[in-house]
Amino acid sequence: MPLIEYREALNQAFAEEIERDPNVVLMGEEVAQYDGAYKVTRGLWKKYGDKRVVDTPISEAGFIGMGIGASMLGIRPVIELMFWSFAAVAYDQIINNAGQIRYMSGGLINCPIVIRGPANGGTNVGATHSHTPESWLAAIPGLKVVTAATGYDAKGLMKTAIRDNDPVMFMENTLLYGEKCEVPTEEYLIPLGKADCKREGTDVSLIAYGRAVLTALKAAKTLEAEHDISAEVIDLRSIRPLDEDAILESVRKTHRVVLVDENKPFCAVSAQISSLIMEKAFDELDGPVGRVCSLDAPAIYSPALEPLQLPTPDRVIKKVREVC
Amino acid sequence: MTKSVAPRVDFAKAPINAKLTSEDKRTLLREMLRIRRFEQASLKMYQQGKVGGFLHLYIGQESVAVGAVSLMGEHDHIITAYRDHGHALAVGMSMDECMAELYGKATGCSKGKGGSMHFFAPDKNYWGGHGIVAGQTPLGLGLAYGIKYKGLTGAALCFLGDGAVNQGCFYESLNMAALFELPVVYVIENNGYSMGTSLERSSALDKCLAQRAEAFKIDWDQASGEDVYQVREVTQKAIDRAHKESKPTVLEFDTYRYYGHSVADANHKGGYRPEEEIEIFKKQHDPIQCFKARLLDEQVLTEEQYGIIDTEARAEAAASIKFAEVSPQPTEESIFEDVYFEVDRQTEAGRTGKHFFND
């Protein structure tokens, strides 16, 4: 299997879906002639032209709203936010229009769009560019929220997201775009709402999504080598819909849980999962559910400090040792 | 506030109106009357506590929706804000489904999930009914995008109020409308007040609001909205521009609402506007009475015919109340319906993973 970058895996997903469905259009700031601010859409404009790959002005509310309107007529826009942080200026369009129009029309309308882009801290770009809004968006019934930790998952999930008939918020990560993994040349799809066990273990479940999965995997390695603790790593991949069965199955197996997520702790995705585990698997737990989140302050610029603000393998290890 | 005086140009002779038959003209009148009688009935029911939430009445503005919608063809689409009953009835939605929606009943156009501000009829190219001021303006642009993308000859008519023109997403939309040459027609219904704030107190302007389109090199026009003939003439030019050149237009119609911003607006009479002003518009500029007088003058309408049309409209409105009264409430299960397409259809995607989190 070819070893390719995460961004290239996404690029393949776009190319394949553009070729498969004439209604798929990529749009966003710098996605066409500039090849994408993070080169995720490299070469696609050259190959597919103005109609399928569209540069927009810097008007997030405008072009996201435009994409939603077009989707009501059956177009399937895949809209890039250069940073998911910029969703804040398009919140009305995302929440009220994409998220609510199906419900408020009594099911007469659906909105088959994908909004995608990086949603992460860790690159020293300051608080306004470093939000992780998956918990904000997953709180809205009507929206779907997906994250991918690897290129393999990114491609399969993106293709499914584009074919989905509901609005899908797809969270990527600038720190992962250059990560390589094996991606098959044959077509494959990954369903939304299916978690993936990235590492089997017996003593503790590390439940994570996005880049936090890689943090959890690093921690799991050290836990095994240095502390004789066998950690299982569950990658949620999709926040809403959520694979509740996979979470509970892992808890029933290990009886101890540490949730790892790059959200700030208050109302984080991990807080929701923690509550779910308490409600549905209370008797299975041999210890309190632990959480490792980003430190609860705006994302700091300081290159020296920012890496410490995100969950680190060390913090995960420390938390695991507290609950085990 | 200044308002246009009664039109002096005879818009009946404009080509788009010259071809109207007597029956067509009576239909325009009938559509305006249907809106008025429906809304008067809905007001009554609101006051009786039968209708929840807000009720933004369109009474006084009927000529704008009816005139513009009367021009729509197969690939023309329409979207508006929360004062949406008039547009809904004009596109052909039934009074029954509209009244039932106000009642929050399962038989309502949105199954009781949208309410007054959220009427939709995609089968009639009517895309709502939107509650957030100017939030619909990028959606209207998107409809135009879809029309152009599919290679169809059509226009997206996107209505907004004078209060909406100061929202940022409207200008983002105008910029892209010009940039991408999209067949959208923005129709500003200027009723003089953004809620309780007059035009003068809310909008910095030179000639009029539509003039702001010049900043984007978009064609614009401003006219009185009280003469349905004039609304048709002005709007047709914009639709032609959309159809033939795939270019946007911004229109502004001066109009007037007799009631408050919503029925809950207690200050509209003598508060932020003088009562006499309302009376002047009712007596001298009422779009229905003006058009009735015009049709009597043209001898295509008799008082007797008018009486029949009015009686029918009142009866239809009364029947819609009965329909709404006897309609069932939505079921509790329906709270979880119409959230996700895939779940509603029970597709594989809809059956995979947990979508709802109460238990």
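Read the figures in this text as sums done on the coordinates, not as results from a lab. None of the values given here were measured: they were computed from a predicted structure. Don't worry about glycine lacking a Cβ; one is built from the backbone with ideal geometry, like all the others, and counts go over all protein chains shown.
Below is a table of values for the structure above.
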| quantity | calculated |
| --- | --- |
| The range B:270-281: number of residues that are free of Cβ contacts under 8 Å to residues at least 12 places away in the same chain and either outside any loop (DSSP other than H, G, I, E, B) or within 15 Å of B:GLY60 (Cα to Cα) (or both) | 4 |
| Meets criteria (more than 14 Å from chain B (Cβ to nearest Cβ), among the acidic types (Asp, Glu) and not in a loop (DSSP other than H, G, I, E, B)) for A:GLU279 | no |
| Unmet requirement for B:ALA264, which otherwise passes all of (1) surrounded by 15 or more Cβ atoms within 10 Å (Cβ to Cβ); (2) in a loop (DSSP other than H, G, I, E, B) | (1) |
| The range B:215-234 - residue that is among the acidic types (Asp, Glu) and farther than 15 Å from B:PRO15 by Cβ and, of those, surrounded by the most Cβ atoms within 10 Å (Cβ to Cβ) | B:GLU226 |
| In the range B:137-181, the residues that are of a type in the set (D, E, K, R), over 9 Å from A:GLY62 (Cα atoms) and facing another protein chain (nearest Cβ under 9 Å) | B:LYS150 |
| Boolean, B:TYR272 is under 16 Å from the mean Cα position of the chain (by Cα) and surrounded by fewer than 23 Cβ atoms within 10 Å (Cβ to Cβ) | no |
| Hits in the range A:195-221 (condition: of a type in the set (Val, Ile, Thr) and touching an Asp or Glu at 6+ places or on another chain (Cβ under 6 Å)) | A:VAL213 |
| Members of the range A:199-246 that are within 14 Å of chain B (Cβ to nearest Cβ) and small (Gly, Ala, Ser) | A:SER238, A:ALA246 |
| Test: residue in the range A:108-117 that is over 21 Å from A:LYS159 (Cβ atoms) and buried (at least 24 other Cβ atoms within 10 Å of the Cβ) | no |
| Number of positions in the range A:205-222 that are touching a residue at least 24 places away in the same chain (Cβ under 8 Å) and crowded, with 24+ Cβ neighbours inside 10 Å | 12 |
| Residues located in the range A:83-135, provided they are without any contact (Cβ under 8 Å) to a residue 12 or more places away in the chain and among the hydrophobic types (A, V, I, L, M, F, W, C) | A:MET104, A:LEU108 |
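Residue-by-condition table, conditions (1) surrounded by 24 or more Cβ atoms within 10 Å (Cβ to Cβ); (2) aromatic (Phe, Trp, Tyr); (3) within 14 Å of chain A (Cβ to nearest Cβ):
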{"residue": "B:LYS25", "(1), (2), (3)": "no, no, no"}
{"residue": "B:ARG30", "(1), (2), (3)": "no, no, no"}
{"residue": "B:GLY53", "(1), (2), (3)": "no, no, yes"}
{"residue": "B:GLU62", "(1), (2), (3)": "yes, no, no"}
{"residue": "B:GLY73", "(1), (2), (3)": "no, no, no"}
{"residue": "B:ILE78", "(1), (2), (3)": "yes, no, yes"}
{"residue": "B:CYS109", "(1), (2), (3)": "yes, no, yes"}
